[in-house]
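What follows is a short report on a single structure.
The values are calculated or read from the model by the stated rules, or taken from the named source; none is laboratory data. A quick note: this is a predicted structure, and the numbers were derived from the prediction, not measured. Cβ placement follows ideal geometry from the backbone for every residue including glycine, while neighbour counts extend to all protein chains displayed.
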Amino acid sequence: QQQRSILIDLASRFPPPSGVQFSYGTSGFRTDASLLESTVFRVGILAALRSIQTGSVVGLMVTASHNVVSDNGVKVADPSGGMLTQRWEPFADAIANAPDPHSLVQVKMLNDCNAFLFLDYHRFLVAVSAMGHPNQQRLVFVLFCFVSFFRFISVSFIFNMGKEVLLDDFVKKENILLDGAPSSEVLLGRDTRPSGKLLVSASAQGATSIMGTTANDMGILTTPQLHWMVRSKNKGIEATKNSYYDQLLMSYRLLFDCIPPGVSDNNMFEKLIVDCADGVGGEEIEKLKARLSDLKIEARNIGAGVLNKGVGADFVQKEKIVPRGFGPSDFGARCASLDGDADRLVYFYILSDSDKIKLVDGDKILTLFALFIKEQLGILNGAENVKANNSYQPCLGVVQTAYANGASTDYLKQLGLEVVLTPTGVKYLHEKAAEYDIGIYFEANGHGTILFSETFLCWLDTINNDLLSTSRGSEQQKAALRLLATSKLINQAVGDALSGMLLVEAILLHWGWSIFRWNELYQDLPSRQLKVKVIDRAAVVTANAETLVVKPPGIQEAIDVETAKYPKGRCFIRPSGTEDVVRVYAEALTQEAADDLARSAARLVD
Ligand code: 16G
Ligand code: ZN
């Protein structure tokens, strides 16, 4: 009861905006910041319940990533450091959309029931006063009693049906033990948006409204840092920014020390220029730089300009033009772009005398990582110790979405790698990649990472120890060390622009490659993305990792007819998970053909 009244009291301080329907999409809840206070409060409650259920620390991040600065959003990091379990998403929707505090925890029907009776009484008085004869008055009175009785019975029935209110119901269904629950903890973080502070405070109140829960505000940080902290804390590892940087820098140093002799080090002296999207990455990269002696970084757009406006990974990847703060004088330089919360990374270089860039996207980063890992596994396989213990063959898998450029998928397959497609959204890619001993996933937009299974890491540890005693310093032992260092450098909770960037840099140094050499691995097929505003994006239903339209009927056939007109044509449409639009993707042999194909597919949706 005490818990109930605390919840009602606090929830009534955060009334939901009227007429807004929230949906926990691929990146949590996201909308204009002014509409989000009640939602973040309620997500705070959800995070606390998840923490109680799992007996572990859970994370809550307030960010709207690459969206405009006036937007904000909130998402939950599960104890593994990954996305909130999909099983809880319907609950997230229900809790965010509950119309008032009472419907969260208490039966609202009681008030409705009283209102009904009051209405009847009022009607009764009106009817009685209109009648002159006592018999008529008696009749009306009896009728009133009858009607009221049946109303009461039916409303009470509904009342009892409705007694299982949202939170009670969910807590029971999910077997969450609120009484005597061990202490629970929610780590809170936010990006640099001005609305973030208030929203974090609302989410902290939501989390602590569940008795026994502590909300630990980690301040301004990158989304991947928060995910990393959740994962680390649950593994008993110190979860601070300092320990995050210690781990990144130590593993980068290890990779640096394992660079094969004789490798050209031209790159080493070329600085990397990073566009930080005027977001949280700016401050963080400055911290990283201060502790990084082997890599020269120049950080731009570190926070003075408007967040994500004409800058950042999303802008660069979609528009393929020079971001703000960059110009012809940067011609030839190796450049990278982070998004507003630094979980996406793309590289680019500037083509002379124009605002056009050559984009080196998530697919190319994935390819670079895959080549490097494959090379190290190949070297290891040549080692006697490994041959003697060949009962275990680590399985390397690559996960992409339909947005991956066809040329990248062909290239990866030619390398003999297993490539699978999943629907868009990190939760799908991550889940699939976790099925492999080493699973590499990337979206073309630059969100991705490498996952190493515990079995593989144990095996690798044993091999490394064996090699240390038999052939310390050999190429095989270095390969084992490189893989171990990679598993520490790359954020295994979620895609992380900072850790991804250090791994790219280490691999380029390892091979002595320039960004041009890297980009030449394969030539992207020209592609075009369009979006079509629709009233109901849910009317479009897809299958086969979003490559086939199932509904409305007939569209897929029409897309097939259009696609067949273009050599190497490929085209799909899908409902966006973050906007009220249907997205169109097309690729073909020429840019003109890709544009035409995209336009004709868009017309089919309109
Ligand atoms: C979100 C997803 C991103 C996906 C994008 C697609 C996460 C953390 N982020 O930003 O992976 O590429 O949505 O947006 O899952 P769309 O559905 O609007 O095309
Ligand atoms: Zn982001």
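A few comments on the model shown:
- Only one of the listed residues (Pro90, Pro79) is touching a Ser or Thr at 6+ places or on another chain (Cβ under 7 Å), assigned by TED's automatic domain parsing to the domain that holds Ala11 and either more than 16 Å from ligand 2 (Cβ to nearest atom) or at pLDDT below 65 (or both). That residue is Pro79.
- Residue among Ala313, Ala277 that is buried (at least 22 other Cβ atoms within 10 Å of the Cβ), more than 23 Å from Asn405 (Cα to Cα), among the small types (Gly, Ala, Ser) and within 16 Å of ligand 1 (Cβ to nearest atom): Ala277
- Consider region 331-348 and keep the residues that are within 12 Å of ligand 2 (Cβ to nearest atom), of a type outside the set (Asp, Glu) and outside any strand (DSSP E or B). The one that is farthest from the chain's Cα centre (by Cα) is Gly340.
- Total residues in region 316-330 satisfying the condition of being within 16 Å of ligand 2 (Cβ to nearest atom) and surrounded by 15 or more Cβ atoms within 10 Å (Cβ to Cβ): the figure is 3.
- Among (1) touching a strand residue (DSSP E or B) at 6+ places or on another chain (Cβ under 9 Å); (2) free of Cβ contacts under 8 Å to residues at least 40 places away in the same chain; (3) closer than 16 Å to Thr192 by Cα, the one test that Glu283 misses: (2)
- Single residue of Lys358, Lys364, Lys374 found to be more than 16 Å from ligand 1 (Cβ to nearest atom) and free of Cβ contacts under 8 Å to residues at least 60 places away in the same chain: Lys374
For (1) touching a Gly at 6+ places or on another chain (Cβ under 7 Å); (2) part of a helix (DSSP H, G or I); (3) touching a residue at least 60 places away in the same chain (Cβ under 8 Å); (4) among the polar types (S, T, N, Q), each residue gets a yes or a no:
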| site | (1), (2), (3), (4) |
| --- | --- |
| Thr424 | yes, no, yes, yes |
| His430 | yes, yes, yes, no |
| Gly446 | yes, no, yes, no |
| Gly473 | no, no, no, no |
| Lys488 | no, yes, yes, no |
| Asn491 | no, no, yes, yes |
| Val494 | yes, no, yes, no |
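- The set of residues from region 396-414 being of a type outside the set (S, T, N, Q) and either touching a Leu at 6+ places or on another chain (Cβ under 8 Å) or crowded, with 21+ Cβ neighbours inside 10 Å (or both) comprises Leu396, Gly397, Val398, Val399, Ala402, Tyr403, Ala404, Gly406, Ala407, Tyr411, Leu412.
- Selection count where residues are within 15 Å of ligand 1 (Cβ to nearest atom) and touching a strand residue (DSSP E or B) at 6+ places or on another chain (Cβ under 9 Å), scope region 49-67: 8
- The set of residues from region 72-94 being in a helix (DSSP H, G or I) and either of a type in the set (Gly, Ala, Ser) or surrounded by 19 or more Cβ atoms within 10 Å (Cβ to Cβ) (or both) comprises Trp88, Phe91, Ala92, Ala94.
- Condition check for Asp343: at pLDDT 95 or above and within 16 Å of ligand 1 (Cβ to nearest atom): yes
- Matching residues in region 562-574 - criterion: being closer than 30 Å to Ser23 by Cα and surrounded by fewer than 21 Cβ atoms within 10 Å (Cβ to Cβ): none
- Single residue of region 427-486 satisfying the filter (surrounded by fewer than 17 Cβ atoms within 10 Å (Cβ to Cβ) and among the β-branched types (Val, Ile, Thr)) that is farthest from Met501 (Cα to Cα): Thr470
- Residue selected from region 50-68 under the condition touching a helix residue (DSSP H, G or I) at 6+ places or on another chain (Cβ under 9 Å) and assigned to a loop (DSSP other than H, G, I, E, B), by the criterion nearest to ligand 2 (Cβ to nearest atom): Ser65
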